[in-house]
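Below is one structure, written out as structure tokens; the observations come after it.
The values are calculated or read from the model by the stated rules, or taken from the named source; none is laboratory data. The model shown is predicted, which means the values in this text are computed figures rather than measured ones. As a convention, Cβ positions derive from the backbone with ideal geometry for all residues, glycine included, and neighbour counts pool all protein chains shown.
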Amino acid sequence: MALLIGLLSTVTVMPLVAQPTYAPNSTAMLYVSCVGWPGGNPVYPCFLIITSGSYAVTSNGHTRSGSYHPTPIPSSAFRPSSNGTQVHSYGFILDAPQTYIWLKAGERADVPPNAPTDIRRMIGHDEYLSACAQICSSYSYRVGWTDIYWVEEKPEWIHVGQTPQHQNSNSYNHWMTSQAAYGIWYTAKAFLLRFPSQGKIAVNDMALPYGGLFDIAGQWEPSHWNHYRGKAVDVAVGSGAYGIPDSNANTFVDTCVLTGGAMYGQVETTPLHIHCEWY
């Protein structure tokens, strides 16, 4: 006996599909069915256990090796009925060809102690629902934002900030929403026009590919929390490559707001850098 989990569309029931991405707090309607082989015909009644989990693999740029990142608890809950209670695991007898469950992405009701349901912890993870009868089948998905895009290096800036926690690559820490990406580009162009000897600026962390915590400390704590949505950027200040001189840092902050349309900007001291953030 095998088991299927699929995504319900408005027209028909679809089989297992490639891993989708669900925005935090969104809901997906899924179906579960016991089928027999050969032929794949529904077999019922059967006893099912459905459980949510997180993959212990690299996802969203997080390095899963050594002590960098423990496997996060799954961020999502599901409801066995349209108006039922959200649960993490549920066992029942299926006495029909199929039944439906409602996955609530990024909102889990029964987290262990000392692991509060902070939305910033619940973005960017590769997760799954495992449904088991005599054998198990999984429905894989990701919780994350789908309006965050890769921001390439440009004549106005270089990328910096790669860390072992995120693959030692700048490919994972330079993602933003379109509005924020255009904002920092307008800012950089205006600033370099005023200070042409600067040449370029050095942009550090923006966001991870699907948002969420950078998790620099490896404990899924909300460090660097205001980069979770793809609307913030850090810019280097000081003597490093293309670092903005201290004397011009406040001018860059003003340019972020007045030219780039940022919600706010500020010079932060630990470590010294400029932080600009958009609406």
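Within the stretch 229-245, residues that are assigned by TED's automatic domain parsing to the domain that holds Ser197 and surrounded by fewer than 21 Cβ atoms within 10 Å (Cβ to Cβ) sit with their Cβ atoms under 9 Å from residues that are assigned to a loop (DSSP other than H, G, I, E, B) and of a type in the set (Phe, Trp, Tyr), at 6+ positions apart or across chains, in these pairs: Pro245/Phe195. Being touching a Ser or Thr at 6+ places or on another chain (Cβ under 7 Å), closer than 30 Å to Leu103 by Cα and of a type in the set (Phe, Trp, Tyr) is the requirement here; does Tyr172 meet it? No; evaluated as a whole, the condition is false for this residue.
Within the stretch 138-171, the residues that satisfy the criterion of being surrounded by fewer than 19 Cβ atoms within 10 Å (Cβ to Cβ), among the hydroxyl-bearing types (Ser, Thr, Tyr) and more than 23 Å from Lys231 (Cβ to Cβ) are Ser138, Ser140. Return yes or no: is Asn168 at pLDDT 95 or above, among the polar types (S, T, N, Q), assigned to a loop (DSSP other than H, G, I, E, B) and not assigned by TED's automatic domain parsing to the domain that holds Ile50? No, not satisfied.
Only a single criterion out of (1) within 20 Å of Glu152 (Cα to Cα); (2) under 13 Å from the mean Cα position of the chain (by Cα); (3) modelled with pLDDT under 95 is not satisfied by Asp215, namely (1). Scanning the stretch 77-108 for residues that are in a loop (DSSP other than H, G, I, E, B), among the small types (Gly, Ala, Ser) and modelled with pLDDT of 85 or more turns up Ser81, Ser82, Gly84, Ala96, Ala105. Summed over the stretch 200-228, residues that are surrounded by 21 or more Cβ atoms within 10 Å (Cβ to Cβ), assigned to a loop (DSSP other than H, G, I, E, B) and of a type in the set (A, V, I, L, M) total 4.
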